[in-house]
Amino acid sequence: MTPIIRIGAIGDISLSSGKTSQSTLLTIDSEIIKKISSYDILIANLECVFYPAGKEKDQDLSTLLIEKDSSFSDFLKIGTSAVSLANNHILDFNNSEGLIHTITLLEQNQIRYFGAGKNIAEAKKPAIYETKEKRIGLIGRMECSFFNPKIIYKMGATENLPGVALLDWNSIQEEINIIKKKYNLDFLILYVHWGVEHIHTTHPFIHKMATNLLKNSDIDIIIGSHAHCIQGIIKTKTKVLCFGLGNFFFYPKTIQNERIFNDIKNSSLSLLIELEIYYLGIGVDTFVLEQNQENKIIFKQKNIKKIKNKIFNKWAKYSQTAFFISILIFKIVTTGKKILKITNNSYYQQKIIQWLINPKLFLQSLKNFFRY
């Protein structure tokens, strides 16, 4: 049976051009290019913001995902049709200045965007595709529960100010139903930024709310981002929920002395999900990708069957115990790695000094360690 439309979805995209004088170094295996070029629509989460040529950011770059204007050509190599801008880094350059510039670049290159905009109406508005007599809408939202409330709510777009479309669990079901009817959509896809980073098992709160939304609203497909690692997929005959695709290409976690490398193993893996929409249902296939040490995106060759089994089983299940054990193990391991790197990394050395000078900061870090 021939599908009505074929959609590809890939994970988070963030280049490294704003953090180092080196080039982005993004390369994609020719077989992957062939695969993602075959889709009618290719969507992703653009988790970075481009800034105008000649301007630099005069502050600490350690948590800012900003990109030089000139690196937009590297982003174009991926070939996305549309991107979600609903994430916590889209205002990283001078608040809305980078967002507006990024929107301009996307529009100039005929790439559609959703989830953020010049005002709340634009941020919430769907990107719409009409193909093969079907109308498909894409909307983006950012879930606020796991971000600093003093920061995250200021990112929300308003009637007169640019920003992100924030997710409100009390109204999202009604919003979805209204959007689908108002724009006469046959299929509606929600791309949502949510959850806890680097944990394959979805946070119990996100799992509960997302599965309820899938069941009780007119949404057809939900795709998650922000975790930076592969998470589970739930599929019924007519609906799909993917909790997290991981990083398609993401700036290396450690940049010191202009050296680029990735120091979190699970961040290097991501999913390409292939959605084939039929008149009576949705077909799903998954491909595991890897960002290798040379920053090249390739198909992962080993343990594919094992990974896929976890995607549709272990990582897709609701489990408070599994989640909290996973996050505790992750924090113990990563903290141990940081301690071992103190002698070689100035960032961790400065952190220790800050703790010694300000014990309250240490207590806050300790509190954050046991958060969630």
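Derived scalar couplings between HN and Hα for the stretch 145-152 equal 4, 10, 10, 4, x, 5, 9, 5 Hz in order, rounded to whole Hz, by the Karplus curve 6.51 cos²θ - 1.76 cosθ + 1.60 (θ = phi - 60°), x for Gly and Pro. Taking 0.36 nm per residue of separation and subtracting the current Cα-Cα distance, fully stretching the chain between ASP40 and ASN148 would add 35.2 nm.
The residues neighbouring GLY283, those whose beta-carbon lies less than 11 Å from its own, together hold a net charge of 0 under the Lys/Arg +1, Asp/Glu -1 convention. First check a/c for the stretch 136-225, with a ≥ b ≥ c the square roots of the eigenvalues of its C-alpha gyration tensor; if it is under 1.5, answer rounded, and if not, answer prolate when a/b is larger than b/c or oblate otherwise. Since a/c reaches 1.5 but b/c is at least a/b, the shape of the stretch 136-225 is classed as oblate.
Computed extension length for LEU340-LEU105: 80.4 nm, one decimal, from 0.36 nm per residue of separation with the Cα-Cα distance subtracted.
For the chain, what's the relative contact order in percent, using C-alpha pairs closer than 8 Å and at least 6 residues apart? With pairs under 8 Å counted, the relative contact order is 16 percent. Once both labels are positioned 7 Å from their Cα atoms along Cα-to-Cβ, the gap between GLN354 and LEU161 label points is 2.5 nm.
Put a dot 7 Å past the Cα of LEU76, heading toward its Cβ, do the same for ARG135, and the two dots end up 3.2 nm apart. A cut-off under 9 angstrom between Cβ atoms defines the neighbours of GLY115, and their net charge, with Lys, Arg +1 and Asp, Glu -1, is +2. Shape of the stretch 75-234 from the C-alpha gyration tensor: rounded (a/c under 1.5, with a ≥ b ≥ c the square roots of its eigenvalues). Using only the Cα atoms of the chain, build the gyration tensor, take square roots of its eigenvalues as a ≥ b ≥ c, and label the shape rounded, prolate or oblate: rounded if a/c is under 1.5, else prolate if a/b is larger than b/c, else oblate. It is rounded, given that a/c, with a ≥ b ≥ c, falls under 1.5. Taking the longest Cα principal axis of the chain as reference, the axis of helix 96-108 is set at about 40 degrees.
Of the beta bridges DSSP finds with both residues in the chain, what % are antiparallel, to the nearest 5? Working shown, then result.
Details: 33 of 68 bridges.
Around 50 percent antiparallel, to the nearest 5.
Relative contact order, whole percent, for the stretch 98-168 stands at 35, derived from Cα pairs under 8 Å and 6 or more residues apart.
Taking a straight Cα-Cα cut-off under 19 Å and skipping sequence neighbours fewer than 8 places away in the same chain, the lysines within cross-link reach of LYS125 are LYS134, LYS180, LYS181, LYS182.
Averaging the sequence gap over all C-alpha pairs within less than 8 Å and six or more residues apart, then dividing by the number of residues, gives the stretch 96-219 a relative contact order of 25 percent. Given H placed 1.01 Å from N in the peptide plane, which residues other than close sequence neighbours of GLY140 have an amide H under 5 Å from its amide H? Hits under the 5 Å cutoff: GLY115, TYR191. For a straight C-alpha distance cut-off of 16 angstrom, the aspartates and glutamates reachable from LYS150 (same-chain residues fewer than eight places away being disregarded) are ASP92. Of interest is the spacing of the C-alpha centroids, which for the stretch 145-190 and the stretch 86-102 amounts to 17 Å.
Cross-link list LYS124/LYS306; LYS34/LYS302; LYS68/LYS310; LYS305/LYS337: which exceed 27 angstrom alpha carbon to alpha carbon? Listed pairs above 27 Å: LYS124/LYS306; LYS68/LYS310; LYS305/LYS337.
No lab work stands behind these numbers, since they all come straight from the coordinates. Given the structure is predicted, the values throughout are model-derived calculations rather than measurements. Please note: Cβ atoms are built from the backbone with ideal geometry, for glycine as well, and neighbour counts cover all protein chains shown.
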